[in-house]
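Below: one structure, written as structure tokens.
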There are 4 protein chains.
Amino acid sequence: MKSIETQIRVRYADTDMSGIVYNANYLVWFEAARGEFFWQRGMDYARDIEARGYHWPVTEANLRYHAPAFYGDLLTVRAWIADVKSRAMTVRYEISRDGKKLCTGFTTHINIDKDGRPTAYPDDIRKLLTPED
Amino acid sequence: MKSIETQIRVRYADTDMSGIVYNANYLVWFEAARGEFFWQRGMDYARDIEARGYHWPVTEANLRYHAPAFYGDLLTVRAWIADVKSRAMTVRYEISRDGKKLCTGFTTHINIDKDGRPTAYPDDIRKLLTPED
Amino acid sequence: MKSIETQIRVRYADTDMSGIVYNANYLVWFEAARGEFFWQRGMDYARDIEARGYHWPVTEANLRYHAPAFYGDLLTVRAWIADVKSRAMTVRYEISRDGKKLCTGFTTHINIDKDGRPTAYPDDIRKLLTPED
Amino acid sequence: MKSIETQIRVRYADTDMSGIVYNANYLVWFEAARGEFFWQRGMDYARDIEARGYHWPVTEANLRYHAPAFYGDLLTVRAWIADVKSRAMTVRYEISRDGKKLCTGFTTHINIDKDGRPTAYPDDIRKLLTPED
């Protein structure tokens with residue numbers, strides 16, 4: 001299963017007055033991990049997907065918060081493509097600190113063309129997304 | 001079922017390079033709606049819940065994105081308490097523009113005390129949260 | 001001098017672990033006030049400026065933090081166009097709570113066309129921006 | 001002059017509908033660089049400054065935007081302590097991409113104690129902040 005791993009250092013901006021990371025920031029870290037999937041392959045989502053006329057908007061997001069993250073924490077974000085359909089996919093995430101699971105979740109994405117219509121992934125992109133290419 | 005409604009004007013900061021509202025911002029608007037639940041009753045979450053030693057961290061969040069929101073849109077966020085257990089609750093949300101549903105979702109929250117232990121809601125708070133008080 | 005006033009309710013997302021509003025959020029509220037300048041005139045920056053081929057990127061921003069803002073605070077953001085040149089302008093801001101000044105600042109903006117070149121404001125927009133039109 | 005350097009990868013969340021990085025995010029990157037000042041020395045602002053009873057709120061911020069940053073850009077943030085007074089300091093920043101200067105600015109910070117009173121830096125912290133320790 002295609003996966004990537006990246007590290008995030010928690011900033012002051014990420015925290016809230018309860019002293020922990022604010023809940024919406026994990027969704028941003030999920031996105032950062034999707035970006036890394038491309039960057040770590042020498043590719044770029046904007047250049048290699050969007051510039052070709054495709055967009056992958058989020059159609060659903062789910063997050064489970066297991067334990068809080070704090071300022072200065074060095075977090076590991078692991079993401080993997082859990083499912084690829086003809087024109088949609090599901091990415092799963094696990095955010096942890098020193099092996100302790102803090103947040104898990106998934107996002108689903110539909111592949112749309114320039115006119116916003118759902119469309120099948122072209123072969124090369126489908127191959128890129130599929131386990132064991 | 002206890003519900004509130006509030007309006008949000010989409011800012012430039014809320015948008016991303018695809019020209020629509022970035023997905024994580026809806027979670028912030030969910031939170032704004034929870035805040036309004038208190039403010040519209042002359043109360044305040046920080047003053048009336050947290051200052052008494054309770055915190056309501058999010059334990060799960062789910063969002064379904066039905067249609068995009070754009071800069072300048074005047075959005076209606078409707079939130080209602082869908083379920084109250086002895087020490088947890090589920091809040092549901094619907095964000096719309098001119099009656100068109102853009103995003104729906106829920107958050108679940110656990111009631112913890114100052115030491116981070118799950119604890120039952122005190123009676124007055126439970127009453128506040130429960131339909132038909 | 002053309003000015004507008006709008007109100008902002010401080011959200012949990014706006015706060016940080018020191019218990020006060022995080023410094024970068026004031027810049028977002030400055031932008032919200034610029035948006036209100038248009039919305040309160042039945043106009044919209046995206047529709048009435050950008051759709052005509054102009055963009056007003058920020059070229060400089062300055063903020064002075066006089067006193068902290070807190071969760072739940074109802075803030076007043078006042079903004080006024082302090083200076084209009086042929087192709088640039090300065091907007092000033094004052095954010096206060098119950099008359100107490102919390103943050104003041106300014107942003108400067110250059111008017112660029114679709115190719116990113118600095119260009120003079122068209123007459124109607126210049127009139128809109130200028131005191132006592 | 002004490003300086004640090006860190007790298008930032010621009011996320012989708014950092015961009016806005018004009019296709020470039022939203023202006024307020026540079027302030028967050030300024031903060032990330034201040035954090036790195038400590039992390040790169042094996043220290044942590046929360047643990048080594050705040051836990052000792054000091055806070056360094058921003059009293060002024062200035063940003064000059066020279067050129068836009070885009071999604072996927074790998075930015076270099078350089079920060080250096082430009083001035084240290086008995087109880088305040090100024091930090092300067094330069095954000096660049098491949099040697100091209102995109103944003104420069106400064107923040108000033110006052111050292112306050114637990115009661116919010118301006119107070120002199122203790123000797124060891126002053127030494128940490130001062131050039132040529």
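Odds and ends about this structure:
- Neighbour counts of other Cβ atoms within 10 Å put A:W39, A:W56, B:W29 in the fewest-to-most order A:W39, A:W56, B:W29.
- Range of Cα positions in chain D per principal axis (Å), largest first: 45, 30, 23
- Normalised Debye scattering of the stretch B:1-57 at q = 0.18, 0.31 Å⁻¹ gives log10 I(q)/I(0) of -0.73, -1.23, counting only Cα atoms as equal scatterers and leaving out solvent.
- Translational D in µm²/s for the protein assembly as shown (Stokes-Einstein at 4 °C, 1.567 mPa s, Kirkwood Rh from C-alpha pairs): 53
- Take C:Q40, move 7 Å from Cα toward the beta carbon, and the resulting point lies 2.5, 4.4, 4.9 nm from the same point in each other copy, nearest first.
- Ascending list, in nanometres, of distances separating the C:H66 label from those of the other copies (7 Å, Cα toward Cβ): 3.3, 4.5, 4.8
- Peptide-level mean, for A:80-89, of C-beta atoms on other protein chains within 10 Å: 0
- When you restrict to C-alpha pairs under 8 Å that are six or more residues apart and normalise by the size of chain C, the relative contact order lands at 30 percent.
- Gaussian network model of chain C, springs between alpha carbon atoms under 10 Å - residue of C:G53, C:G42, C:G105 with greatest fluctuation: C:G42
- Under a model in which nothing but the beta-carbon of Lys, Arg (+1) and Asp, Glu (-1) is charged, the stretch C:36-112 shows a dipole of about 180 debye around its Cα centre.
- Taking the number of Cβ atoms within 10 Å of each Cβ as an exposure proxy, the fewest-first ranking of C:L75, C:L129 is C:L129, C:L75.
- The long axis of helix D:25-39 is offset from the longest Cα principal axis of chain D by roughly 50 degrees.
- Pair-distance distribution P(r) for the stretch D:42-118, from all Cα-Cα distances in 10 Å bins starting at 0: 18, 37, 29, 15, 1 percent.
- Normalising by residue count, the stretch B:51-91 has a Cα convex hull of 138 Å³ per residue.
- For the segment D:65-72, counting C-beta atoms of other chains within 10 Å of every residue's C-beta and taking the mean gives 4.
- Dipole magnitude of the stretch B:92-133 about its Cα centre (Cβ charges: Lys, Arg +1; Asp, Glu -1), debye to nearest 20: 300
- Residues C:D48, C:D115, A:D14, arranged from fewest to most other Cβ atoms within 10 angstrom of their Cβ, appear as C:D115, C:D48, A:D14.
- Inter-copy label distances at A:T119 (7 Å, Cα→Cβ; nm, one decimal): 3.0, 5.7, 6.3
- Taking every DSSP helix (H) stretch of at least 4 residues in chain C, weighting each as -39,500 (n - 2.57) and dividing the sum by the residue count yields a mean residue ellipticity at 222 nm of -5500 deg cm²/dmol.
Every read-out reported here was derived from the displayed coordinates using simple, explicitly stated rules and does not represent laboratory data. Note that the structure is predicted; figures quoted are calculated from it, not measured. With ideal geometry, Cβ positions are generated from the backbone for all residues, glycine too; neighbour counts draw on all protein chains shown.
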